[in-house]
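Inspection log for the structure reproduced underneath, given as structure tokens.
The values are calculated or read from the model by the stated rules, or taken from the named source; none is laboratory data. All figures in this text were calculated on a predicted structure; none of them were measured in a lab. Don't worry about glycine lacking a Cβ; one is built from the backbone with ideal geometry, like all the others, and counts go over all protein chains shown.
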Amino acid sequence: MTTYSGYMGKVILLDLNTQTTCEYPWTDKDRELYIGGKGMASKILFDNLTGEEQAFSEDNLIVITTGPLTGTGAPCSNRFNISTLSPLTGITTSSNCGGNFGHYLKKAGYDALIIKGKCKEHTWIEIKNDKFTFHECGELWGMKVTESQEELQRIMDESRNCRVKCGILSIGPAGENLVKYAAVISGERAAGRAGVGAVFGSKNLKAIVATGNHEVPVDNVAMNDKHNLKWTNTLRKHPLTGNQLPKMGTAGLVSSMQVRGILSSRNYALGQYDDFDMVSGETLAEDYNIVNKGCMSCPIKCARTVNVKGHNVKGPELETLGLLGGGIMNNNLEKILQWNYELDELGMDTISASSTLAWAMEANEKGLWKTGLEFGKITNISKTFNDIAFRRGIGDELAEGTRWLSKKYGGEEFAIQSKGLELAAYEPRRSVGQGLGYAVSNRGGCHLNGGYLVIVENLGLHADPQTPHAKADFCMFMQDLMEAVSLGGQCLFTSYAVFPGFLISKPNGIITTTVNKVIPFLGPVVRVLNKFPEIASFHLWLIPHTKSLHYVTGMRMNLGKFLRTGERSYNVERMTNAKFGVSAKLDTLPKRLTDVPQDPKNPKTKVPLEKMKKVYYEARGWSKDGLPTEKKLKKMKIV
Amino acid sequence: MPFSINREKCIGCDACRLTCPTQAISGLQYEKHVIDPELCVSCGLCADFCENKAIYDNRGKLAEFCSWEDWGIPEVDAEICTGCSLCVETCPMYVLKINEPEFHGDIRTHAVLTDKDLCIGCEKCAARCPIHAIKIIPRV
């Protein structure tokens, strides 16, 4: 039970070995410190993992958490988080998904679900209010994602003799066959990164279906409704969330990335792709997009629906376009749409799959591993993806990811991964702050967990992308802010509005130019805010999340507290990872990005990682080994 | 608020189950019937058919039928609606959906009522809308 609104007040521990459930102790104190979502999951993993576990061992936990804002109608608040020990990286991972499962998990009466043990048979779980039913899979095991979700919906409807509204979470063949970067899919949206799907597969768990009739309580309904309307209108007026994302989706960034030289091409050897306009967001919007789609309760609607062979299916995101376009030197957009659909159906992370493919192409070119995969050759790619999902032929090895492959065959300098997780499509050599983010990010080479500084350096503002000045402090600030935003259950795109609209819509205006010039000198100012967030004991109109949390939960909240919560969540995840051997030594980037300049004539176009890392650890108050000190942990009330 | 069936009065005639528009009532003939509170939208149609007056509302009063003409229908203000689809997920009759305009550069997504004859006027959509973009208007 809880005194705060916005929560259902129950966290359930599900033991697959005995097929029993019990309540997990999660107090109001924990709610104040970690809010929900990823922070809550990190804390649960921190308390329960010892460092001895393996991703596929029975004692690994899957923690599915929702935020207090989920189901309250706050904009973009329908996201849930899955955290577990990743088979790809060997450390903890968190994967965020916009499907409707989180909403229905709360309707069933739970804030979070912790899953441990392993089913003896292939199983799917039905949750209806307090009732947990374990069903044997039968023919469901082996089905592709959409087919399995339709079948589950049919079973639910048949059992109740009417159409049942429910949230479904399921894995595809890739997860069943333990592909190291398999995804978990809810509706059309995926919790894709770092192989959470494979952990489901290793536990013989095909799917979870949740339904129920609880309502999410809101503390101050009138103020909350007013605030939501105002916030929604702000998002719709902002040039990024109200214009670019609805018009072109994330794919719209391809063109700006090309201009700024950060569109990864040819397995990150280049930062520009000559045929970029054939795979850009504009081409996708004009020629293929049928309708905008998006997550529940989202006013932005950045997802696309495209037509592939007569079916209306989900369109690709920027990462997929970049990595399956320039990344493998392919200019055929129609093929990308088809592969994106196939990868979703097989239940695989498109970023890691395409990055592994690009590595294999380069290894083949250099004669390290002869596979027949070549840059620009697109005839065998569809087959390769299927081989990966079913672990056939070369697919069996490709399913292990680039770190494993490069250890076996050599070529580690061009294995584009950090801590085992493949990087996203943003080339960091012309966005060094983003490079720092990739290296220090908790879950490995992730653009979002790394602070997404590319928006300050290239895509939103244009602060000098080559200078390391102030990048470490901004990196920490953005990481903590984005972490805090996701704790409430909200989409990171809502944090775009932190940059006032006029800075984005007038990139050459006097104010914008001045801001861009000043940013590299703002390090000390941001450092003070990072160190003493308590000084910001107010709500800031650019970050409406704090007010929303206050109105929904009834918690005392302000900007400083909000940032501190983000920092705490980030640190507790780092501490869990430390149990699995993470330290400064693992915060690395491949040599291609740190030692080889992107432009041979400009030696500055590489990531000065070691220099920035040192400042970053200082800014975070961590030791030289890159770990939070005892004093820091006590200050943050983690121990 | 959902209705419930008084077990002592119910004779299992099955009339309510057959008439319920949201299929919220279950039970075999000559056995006691129950109403699923999750699905019940309190339209009172079952109360109208129940010969034994066995159906009550949540305050313990005898349930009353609200005539079909009196059921309101939702009107979505397309200018305000953001297409967040919370109402679509809430609608028990599946008569709300998000519009699917053909894409031409700039589009606005919003909820639309697909079939007003199937709408049972439960007003759940209007209550659920976080930004009050849905008004209930008279059906006729």
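Which of the following residues is modelled with pLDDT under 95 and out of contact with any Gly (no Cβ under 9 Å at 6 or more places or on another chain): A:G445, A:G410?
That would be A:G410, the only listed residue that is modelled with pLDDT under 95 and out of contact with any Gly (no Cβ under 9 Å at 6 or more places or on another chain).
Does the range B:20-61 hold any residues that are within 14 Å of chain A (Cβ to nearest Cβ), under 12 Å from B:I120 (Cβ atoms) and touching a strand residue (DSSP E or B) at 6+ places or on another chain (Cβ under 9 Å), and which are they?
B:C20, B:A24, B:L39, B:C40
Could you tell me which residue of the range A:332-369 is surrounded by the most Cβ atoms within 10 Å (Cβ to Cβ), considering only residues that are of a type in the set (D, E, K, R) and either within 21 Å of the chain's Cα centre (by Cα) or within 14 Å of A:E317 (Cβ to Cβ) (or both)?
That would be A:D349.
Would you point out the residue of the range A:204-249, among those that are within 30 Å of A:F390 (Cα to Cα) and buried (at least 22 other Cβ atoms within 10 Å of the Cβ), that is nearest to the other protein chains (Cβ to nearest Cβ)?
If we take residues in the range A:204-249 being within 30 Å of A:F390 (Cα to Cα) and buried (at least 22 other Cβ atoms within 10 Å of the Cβ), then A:A210 is nearest to the other protein chains (Cβ to nearest Cβ).
Return the total of residues in the range A:270-295 being outside any helix (DSSP H, G or I), without any contact (Cβ under 8 Å) to a residue 60 or more places away in the chain and either closer than 12 Å to A:A425 by Cβ or not hydrophobic (A, V, I, L, M, F, W, C) (or both).
Qualifying residue count, the range A:270-295: 7.
When you check A:E176 against the structure, is it among the acidic types (D, E) and surrounded by fewer than 19 Cβ atoms within 10 Å (Cβ to Cβ), yes or no?
no
Listed residues A:T576, A:T605, A:T546; which is touching a residue at least 12 places away in the same chain (Cβ under 8 Å), polar (S, T, N, Q) and in a loop (DSSP other than H, G, I, E, B)?
The unique qualifying residue is A:T605.
Assigned to a helix (DSSP H, G or I) and either free of Cβ contacts under 8 Å to residues at least 40 places away in the same chain or away from chain B (no Cβ under 14 Å) (or both) - does that describe any residue in the range A:299-319?
yes
The rows are residues; the columns are (1) at pLDDT below 90; (2) in a helix (DSSP H, G or I).
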residue: A:D219; (1), (2): no, no
residue: A:M223; (1), (2): no, yes
residue: A:W231; (1), (2): no, yes
residue: A:N243; (1), (2): yes, yes
residue: A:S255; (1), (2): no, yes
residue: A:Y268; (1), (2): no, no
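Residue by residue, here is whether (1) farther than 30 Å from A:D111 by Cα; (2) crowded, with 20+ Cβ neighbours inside 10 Å; (3) out of contact with any Cys (no Cβ under 7 Å at 6 or more places or on another chain); (4) outside the structural domain of A:V456 (by TED's automatic domain parsing) holds:
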site	(1), (2), (3), (4)
A:D480	no, yes, yes, no
A:C491	no, yes, no, no
A:Y496	no, yes, yes, no
A:G501	yes, no, yes, no
A:I504	yes, yes, yes, no
A:T513	yes, no, yes, no
A:I519	yes, yes, yes, no
A:G523	yes, no, yes, no
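What is the residue count in the range A:250-291 for residues that are more than 25 Å from A:L453 (Cβ to Cβ) and either more than 12 Å from chain B (Cβ to nearest Cβ) or touching a strand residue (DSSP E or B) at 6+ places or on another chain (Cβ under 7 Å) (or both)?
Count: 10.
Take the residues in the range A:171-195 that are closer than 22 Å to A:A424 by Cβ and of a type in the set (D, E, K, R), then tell me which one is nearest to the chain's Cα centre (by Cα).
Here the residue is A:R193.
Would you pick out the residues in the range A:44-72 that are buried (at least 24 other Cβ atoms within 10 Å of the Cβ) and either outside the structural domain of A:A207 (by TED's automatic domain parsing) or out of contact with any strand residue (DSSP E or B) (no Cβ under 9 Å at 6 or more places or on another chain) (or both)?
A:P68, A:L69, A:G71, A:T72
Working carefully through the options A:G310, A:G271, find the one that is at positive phi and more than 20 Å from the chain's Cα centre (by Cα).
Just a single option satisfies the conditions, and that option is A:G310.
If we only count helices (runs of 4 or more DSSP H) wholly inside the range A:1-107, which ones have 2 or more residues that are more than 14 Å from chain B (Cβ to nearest Cβ) and either touching a residue at least 12 places away in the same chain (Cβ under 8 Å) or at positive phi (or both)?
A:28-34, A:37-48
Can you find even one residue in the range A:370-383 that is part of a helix (DSSP H, G or I) and touching a Leu at 6+ places or on another chain (Cβ under 9 Å)?
Yes, the range A:370-383 has at least one match.
Quick grid of which residues meet (1) among the charged types (D, E, K, R); (2) in a helix (DSSP H, G or I):
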| residue | (1), (2) |
| --- | --- |
| A:H550 | no, yes |
| A:M557 | no, no |
| A:G560 | no, yes |
| A:G566 | no, yes |
| A:S569 | no, yes |
| A:L589 | no, no |
| A:E610 | yes, yes |
| A:K631 | yes, yes |
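Please specify each residue of the range B:128-140 satisfying the condition of being more than 10 Å from chain A (Cβ to nearest Cβ) and not in a loop (DSSP other than H, G, I, E, B).
B:I134, B:K135, B:I136, B:I137
Within the range B:92-120, take every residue that is modelled with pLDDT of 80 or more and at the interface with chain A (Cβ under 9 Å from one of its Cβ atoms) and give me the one that is nearest to A:G73 (Cα to Cα).
Among them, the one singled out is B:I98.
Every residue in the range B:41-96 that is part of a loop (DSSP other than H, G, I, E, B), without any contact (Cβ under 8 Å) to a residue 60 or more places away in the chain and buried (at least 21 other Cβ atoms within 10 Å of the Cβ), please.
Within the range B:41-96, B:C50, B:A54, B:C81, B:T82, B:G83, B:C84, B:S85, B:C91 qualify.
From A:E126, A:E151, grab the single residue that is of a type in the set (D, E), out of contact with any strand residue (DSSP E or B) (no Cβ under 8 Å at 6 or more places or on another chain) and modelled with pLDDT of 95 or more.
After applying the criteria, what remains is A:E151.
Restricting attention to the range B:17-39, which residues are in contact with a Phe, Trp or Tyr (Cβ under 6 Å, 6 or more places away or on another chain) and either in a strand (DSSP E or B) or surrounded by 21 or more Cβ atoms within 10 Å (Cβ to Cβ) (or both)?
Correct list: B:I35 only.
Which condition number does A:Q598 fail, the rest of (1) buried (at least 20 other Cβ atoms within 10 Å of the Cβ); (2) part of a loop (DSSP other than H, G, I, E, B); (3) within 23 Å of the chain's Cα centre (by Cα) being met?
Exception for A:Q598: condition (3).
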